[in-house]
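Worksheet: one structure, shown below.
Readers should treat all values here as calculations from the given coordinates under stated rules, not as data from a laboratory. The model shown is predicted, which means the values in this text are computed figures rather than measured ones. Reconstructed Cβ throughout: ideal geometry from the backbone, glycine too, with neighbour counts over all protein chains shown.
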Amino acid sequence: MTSFVTPVGRLVQGDCYEAQTKNMQGQPLVTRSGNPTQKFFIAVAFPKNDPGFAEFYAQMVAQARADFPQFFNAKGECTHPKFAWKIMDGDGIDDNGKPNANKTGFAGHWVVKFSTIFAPQTYAKDKYDPMQMLPPGSIKRGYFVRVAGDMAGNGDPNKPGLYLNQKQIELTYLGDEIVSGPDAAVVFGGAPAPAMPAGAIATPIGFAGSPQSPAIPPGVGWSAPMPTPTATVAVAPAPAVMQPARPAAMPSMPASPTSGFAVATSLPAPAQPAATIPTAPNMGFVQQAATPQYVMTAAAAGYTREQLIASGWTDQQLVAQGLMIAQ
């Protein structure tokens, strides 16, 4: 067994985080002894003219010769016609007789298949502390990666080949995401135009891109609108508010009840000042109504009243939703 680190390649198939539990025929994956198992599979494309890939392939040949010397001649050439190298020719033909070049990212590349029963660790380039491991879903098909792991012969002289087990994957560079499945524009664009039901609105209100509402800022969720107050007063546009930095470990800030909907051009009329209490005989002073003290609840997930107010909430909404209490 030999450890390896590949050059930079593009992730073109598989998933770094989701395990496969069934084979191509839809049957459960099992070990040679018949026990249920799983497989984490990825395929990475390397340019055919990349010198780094030539070095990686030479390492693969050396490992194969060490494990299966009977299948190599004096020149170091493999004599077994079906040796499983785990490499696909991006300009060749697949097992179904279809050109590999028609698959996104394959043409002009050697595509190497990696698999393991254990979930690999994933890191961003130059950030390798165990506390900095990337969360699931961070590396997508189409991104550029390096793969670290180990290689060894499969121990089967009847079906000889190499195991290439990925243990760690580095997100080296972003790239155009490869999305599998039919194109939505083709699917819906080719279908008959839908009829508008009675009471429907032409453009969905409250979603990014609709003319009735502003774009939803990243990280702000969708929620039902609060009832619109009847008493309004025109106000000047509010200055832009810088969103506070969100702690990495803190849950997402609760969405404002008006997030994702058209912003009103008027606000509720300001509350009238509290009436003063009549002066008692010989007291000599006027007592004002007490100002409420606000306390955030656990439902606010650690955010302060100021942060939520800046995000679009009001005190009344915070109290009504149980994120804050007034004392």
Subject >> Neighbour net charge for Met88 - beta-carbon separation under 13 angstrom, K R +1, D E -1 >> reply: +1
**OP:** Select from the stretch 23-68 those trypsin sites (Lys or Arg not before Pro) which occupy a DSSP coil region and have at most 11 other Cβ atoms within 10 Å, ordered by residue number.
**Re:** Arg32
Original post:
Under 5 Å between amide H atoms, partner at least 5 residues away or on a different chain: which partners does Phe72 have, H built in plane at 1.01 Å?
Top reply: Thr79
Subject >> Kirkwood hydrodynamic radius of the stretch 2-173, Cα pairs, Å >> reply: 17.1
Subject >> Listed pairs Lys22/Lys48; Lys82/Lys125; Lys103/Lys127; Lys22/Lys125; Lys22/Lys98 exceeding 26 Å between Cα atoms >> reply: Lys22/Lys48; Lys82/Lys125; Lys103/Lys127; Lys22/Lys125
Subject >> Other-chain or far-sequence residues with amide H under 5 Å of Gly153's (modelled H) >> reply: Tyr163
Subject >> Sequence-distant aspartates and glutamates (8 or more away, or on other chains) whose Cα lies within less than 18 Å of Lys39 >> reply: Asp15, Glu18, Asp150
Original post:
Between the stretch 112-136 and the stretch 1-63, how many Å separate their Cα centres?
Top reply: 14
Subject >> Placed amide H near Gly14: partners under 5 Å, 5+ positions off or other chain >> reply: Ala43
